[in-house]
Amino acid sequence: MKNITISSGKGLSGIMVLTALLVFASGCSIDRKLAKEFVQSEDRPPVILKQPPAIYMVSYKDTGTDTTGLAKWQIDSVRFHESAIIKKVDPRKFKTSFFDAFKNQFSKYGFEFYEGQKLKALFENDTIHPIVVDFPQMELEEYIQPYSDVGYVKGREYYKNFDLDAVNLNTWLKLSMKGVEGQEFYFISDSITDKVRGYYFEDDETRNVRYKYKYRDVEEEDMYRFARDMGTNYAQYIFDHYMNRFIKRNRSSNAPRRFLYHYDPQSGDFLLIKKLPWIRMEMDEVLRKN
């Protein structure tokens with residue numbers, strides 16, 4: 001998938017592009033020591049994972065079909081069948097790819113998942129307070145992404161416009177710790193697009209400026225890789241979220257924290273980040289969207 005663009009901080013080499021401001025943490029601060037303590041701890045609460053019933057597939061691209069007199073669901077169906085990407089995707093395979101990667105990444109940190117029949121043992125023990133990770137809704141949303149490739153020849157600017165096919169993965173996430181705290185709602189959106197690689201040059205014979213490029217469409221397998229990348233990323237977001245909650249509860253200072261910590265599992269180091277790549281939603285916003 002090296003020719004595919006995945007924006008908004010994808011590919012969890014990866015999370016280092018969460019924000020424009022990312023620097024290596026230095027020194028032996030109390031916060032850093034707490035972050036390290038959290039990572040090395042073997043005392044992990046169990047995790048209840050609730051997956052969405054399905055991955056919704058929608059297209060918001062203009063249709064070339066006359067939809068006069070059609071109901072909204074019929075227009076949505078026409079747009080889906082005219083889509084360039086999502087109609088190729090098996091939603092069950094996409095969902096499996098995402099959650100297999102999500103559980104694999106989260107399990108690396110010592111968390112154990114409980115689903116289905118395994119939940120009974122947790123509910124029968126009032127002293128255990130599992131983390132509840134609930135994905136109430138996920139959707140793949142296809143649209144057109146305008147793109148302009150700009151270049152310079154002899155100091156003069158040239159540009160070529162494209163309409164790229166793009167897909168957003170929109171995710172609604174609900175986090176809580178059973179019997180301990182209330183629910184928190186988050187929204188995450190990540191995207192994958194077609195890719196254009198081009199360059200401008202002056203024709204030796206005509207002296208005219210020309211543009212040469214290669215266009216790479218998003219293919220079905222790119223989408224499943226995208227799902228795996230996002231499953232890995234989202235597990236990391238949640239891990240970082242609870243790590244920073246641990247730091248906040250246990251630090252001696254009440255001073256506001258300007259930065260959060262991200263744990264890089266590849267290097268074993270900690271990075272300072274400005275924020276996690278999701279949007280906190282208030283309950284009234286959640287109710288309006290459902």
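The values are calculated or read from the model by the stated rules, or taken from the named source; none is laboratory data. These figures come from a predicted structure and were not determined experimentally. Here the Cβ is made from the backbone with ideal geometry for all residues, glycine too, and neighbour counts use every protein chain on show.
Among (1) in contact (Cβ under 8 Å) with a residue 60 or more places away in the chain; (2) exposed (fewer than 15 other Cβ atoms within 10 Å of the Cβ); (3) not hydrophobic (A, V, I, L, M, F, W, C), where does residue 149 come up short?
(2)
Test residue 133 against the criterion of being in contact with a strand residue (DSSP E or B) (Cβ under 7 Å, 6 or more places away or on another chain), without any contact (Cβ under 8 Å) to a residue 24 or more places away in the chain and among the aliphatic types (A, V, I, L, M), and give yes or no.
no
Please go through the stretch 121-137 and pick out each residue that is aromatic (Phe, Trp, Tyr) and surrounded by fewer than 16 Cβ atoms within 10 Å (Cβ to Cβ).
123
I'd like the residue in the stretch 115-137 that is closer than 30 Å to residue 88 by Cβ and among the hydrophobic types (A, V, I, L, M, F, W, C) and, out of all such residues, is farthest from the chain's Cα centre (by Cα).
Residues of the stretch 115-137 closer than 30 Å to residue 88 by Cβ: 115, 133-137.
When the remaining residues are screened for being among the hydrophobic types (A, V, I, L, M, F, W, C), the result is 133, 135.
Details: 133: 15, 135: 13 Å.
If we take residues in the stretch 115-137 being closer than 30 Å to residue 88 by Cβ and among the hydrophobic types (A, V, I, L, M, F, W, C), then 133 is farthest from the chain's Cα centre (by Cα).
Within the stretch 57-91, how many residues are outside any loop (DSSP other than H, G, I, E, B), of a type in the set (Phe, Trp, Tyr) and surrounded by fewer than 14 Cβ atoms within 10 Å (Cβ to Cβ)?
Step one: of the stretch 57-91, the residues outside any loop (DSSP other than H, G, I, E, B) are 57-59, 72-81, 86-88, 91.
After this cut, where a residue has to be of a type in the set (Phe, Trp, Tyr) as well, the list is 73, 80.
Okay, now just the ones that are also surrounded by fewer than 14 Cβ atoms within 10 Å (Cβ to Cβ), so 73.
Residues in the stretch 57-91 being outside any loop (DSSP other than H, G, I, E, B), of a type in the set (Phe, Trp, Tyr) and surrounded by fewer than 14 Cβ atoms within 10 Å (Cβ to Cβ): 1 in total.
Return yes when residue 180 is modelled with pLDDT under 95, under 30 Å from residue 123 (Cα atoms), among the aliphatic types (A, V, I, L, M) and more than 18 Å from the chain's Cα centre (by Cα) and no when it is not. Before you say what the answer is, go through the steps one by one.
On the way: modelled with pLDDT under 95: yes; under 30 Å from residue 123 (Cα atoms): yes; among the aliphatic types (A, V, I, L, M): yes; more than 18 Å from the chain's Cα centre (by Cα): yes.
Yes, satisfied.
Hey, among the residues in the stretch 44-102 that are among the β-branched types (Val, Ile, Thr) and in contact with a Ser or Thr (Cβ under 7 Å, 6 or more places away or on another chain), which one's farthest from residue 219 (Cα to Cα)? Talk me through it step by step, then tell me what you get.
As a first pass, look at the stretch 44-102 and keep what is among the β-branched types (Val, Ile, Thr): 47-48, 55, 58, 63, 65, 67-68, 75, 78, 85-86, 89, 96.
Then keep just the ones that are in contact with a Ser or Thr (Cβ under 7 Å, 6 or more places away or on another chain); that gives 75, 78, 86.
Working: 75: 24, 78: 21, 86: 10 Å.
Step by step, filter the stretch 44-102, then rank; the result is 75.
Answer with yes or no whether residue 242 is out of contact with any Asp or Glu (no Cβ under 6 Å at 6 or more places or on another chain), surrounded by 13 or more Cβ atoms within 10 Å (Cβ to Cβ) and farther than 21 Å from residue 189 by Cα.
On the way: out of contact with any Asp or Glu (no Cβ under 6 Å at 6 or more places or on another chain): yes; surrounded by 13 or more Cβ atoms within 10 Å (Cβ to Cβ): yes; farther than 21 Å from residue 189 by Cα: no.
It is false that residue 242 is out of contact with any Asp or Glu (no Cβ under 6 Å at 6 or more places or on another chain), surrounded by 13 or more Cβ atoms within 10 Å (Cβ to Cβ) and farther than 21 Å from residue 189 by Cα.
Filter the stretch 41-81 down to residues that are of a type in the set (Asp, Glu) and either touching a strand residue (DSSP E or B) at 6+ places or on another chain (Cβ under 7 Å) or closer than 28 Å to residue 109 by Cα (or both), then give me how many there are. Step through it out loud before you land on a result.
Residues of the stretch 41-81 that are of a type in the set (Asp, Glu), as a first pass: 42-43, 62, 66, 76.
This time we only want the ones that are either touching a strand residue (DSSP E or B) at 6+ places or on another chain (Cβ under 7 Å) or closer than 28 Å to residue 109 by Cα (or both), so: 42-43, 76.
Of the residues in that region, 3 qualify.
Can you give me the number of residues within the stretch 206-232 that are in a helix (DSSP H, G or I) and either basic (Lys, Arg) or at pLDDT below 95 (or both)?
Looking only at the stretch 206-232, we keep the residues that are in a helix (DSSP H, G or I), and these are 220-232.
Next cut, either basic (Lys, Arg) or at pLDDT below 95 (or both) only: 225, 228.
Final tally of qualifying residues: 2.
Please work out which residue is nearest to residue 238 (Cα to Cα), limiting yourself to the stretch 99-111 and to residues that are under 16 Å from the mean Cα position of the chain (by Cα) and of a type in the set (A, V, I, L, M, F, W, C).
106
Which condition breaks for residue 140 when tested against (1) aliphatic (A, V, I, L, M); (2) surrounded by fewer than 18 Cβ atoms within 10 Å (Cβ to Cβ); (3) within 30 Å of residue 89 (Cα to Cα)?
The one condition residue 140 does not meet is (2).
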